[in-house]
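Inspection log for the structure reproduced underneath, given as structure tokens.
The values are calculated or read from the model by the stated rules, or taken from the named source; none is laboratory data. Just so it is clear, the model here is predicted, and its values are computed rather than measured. Every residue, glycine among them, receives a Cβ derived from its backbone with ideal geometry; neighbour counts consider all protein chains shown. Heavy atoms of the whole protein, side chains included, go into the accessibility calculation; ligands, DNA and RNA do not. Shrake-Rupley method; radii C 1.70, N 1.55, O 1.52, S 1.80 Å.
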Amino acid sequence: MKHTLIRNKLLLAVTLLSGMIAAAVGVLIALVLQKVIDAALRGDLQLFQRILLVTIIYVLMLCLTSFIHSLCSKALVRNVTVSIRERIFRGVLYQKTADFKAANTADYLSALTNDIKLVIENVLQPLLHTFQNTVIFISSLIVLLALSPLITLILVIGMILMFTIPSLFGRLLQRRLNAVSSEMSRFTAQIKDLLAGYEVIRSFGLKKQSEQGFQQANQTAASVSFAADRLFAANESISEALAIFSQLTVMFVAAYLNHHRPHFRRQSCCTGPAKRRTGRPCARHHAECSQDQKHEADP
């Protein structure tokens, strides 16, 4: 695998670079949506038209980078597949006769078809996805820090909790799964014995006892399996509750910051450096400040 990637290092570099660009461009959609919403709330038609043009260009860039990354990754998969097949076939062809006959032909066919597919699906493609997801995470973190460090901190804490708390169930889940595996093995063995002794059961009239034994084993296996499913359900519900809690916390914090930001701007305008220098509010926001003060004075 390493030798094959080295032979295709240029294509690998282009694939990783295009994936990095596509991931970064995809993250910027949050900033584009923010600009669109701001323009719509302000009612500025010219600003909205400019942002609409930027959005169209952004969508075209996103489609282009995604296409280039997808095309390069598929070309890399093709080259890696061809190279691995050539190396395997060459190794089979040039080995000794005794070594060749020591293995079954089906093993060679499997190595040239199924095993290569498993390598591509379980090694190469996850490697590319991991790299792209890492870029997405870092880019998202940078964008969130630029928008609001407080919200970023809350999201990071929520993500840590979502990974940490469910992991506490790991050992207990492992024990429950081992118990399920052992019980299913016993259940399968008992069913096999009952079916193998069918003639004995019919000859000695042990159908009722065999049915009772089967029902008891069936109930025990179902109970052990349900105990594991119950723990899985608790783990999933806790994870989902933590995810919803993180989302709601971010929404409430963002609403709180958005509610207090206009008041801070009006206060800084009416009592800021411009008023301290001239004794009057800044002329640009004089009407807004006067209107706000009038509303505050009204009963």
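A single member of Arg186, Arg175 is over 16 Å from Phe232 (Cβ atoms) and modelled with pLDDT of 85 or more, and it is Arg186. Just name the residue that is nearest to Ile142 (Cα to Cα) out of those in region 6-22 that are modelled with pLDDT of 85 or more and open to solvent by less than 30 Å² (accessible area, probe 1.4 Å). Per the stated criteria, the residue is Ala22. Ala75 passes every criterion in (1) farther than 30 Å from Ala22 by Cβ; (2) modelled with pLDDT of 80 or more; (3) not in a loop (DSSP other than H, G, I, E, B) apart from (1). Just one residue in the set Asn104, Asn122 is closer than 30 Å to Ile21 by Cα, at pLDDT below 80 and open to solvent by 90 Å² or more (accessible area, probe 1.4 Å); that residue is Asn122. Selection of region 125-156 for residues being open to solvent by 60 Å² or more (accessible area, probe 1.4 Å), farther than 19 Å from Leu257 by Cα and of a type in the set (A, V, I, L, M) yields Leu127, Ile136, Ile138, Ile142. Checking each residue in region 206-232 for being open to solvent by 50 Å² or more (accessible area, probe 1.4 Å) and over 46 Å from the mean Cα position of the chain (by Cα) picks out Leu206, Lys207, Lys208, Gln209, Glu211, Gln212. Taken as a whole, region 160-172 holds at least one residue that is at pLDDT 85 or above and over 26 Å from Gln247 (Cα atoms).
Across region 148-170, the number of residues qualifying as of a type in the set (Gly, Ala, Ser), touching a residue at least 12 places away in the same chain (Cβ under 8 Å) and not in a loop (DSSP other than H, G, I, E, B) comes to 1.
Which is surrounded by 13 or more Cβ atoms within 10 Å (Cβ to Cβ) and either over 23 Å from Ile29 (Cα atoms) or of a type in the set (Val, Ile, Thr) (or both), of Ser66, Ser83? Only one candidate qualifies: Ser83. Annotation note: Cβ proximity below 9 Å between a residue of region 63-83 that is more than 20 Å from Ile136 (Cβ to Cβ) and a residue that is open to solvent by 40 Å² or more (accessible area, probe 1.4 Å) and among the polar types (S, T, N, Q) (sequence gap 6+ or interchain) occurs for Val77/Gln125.
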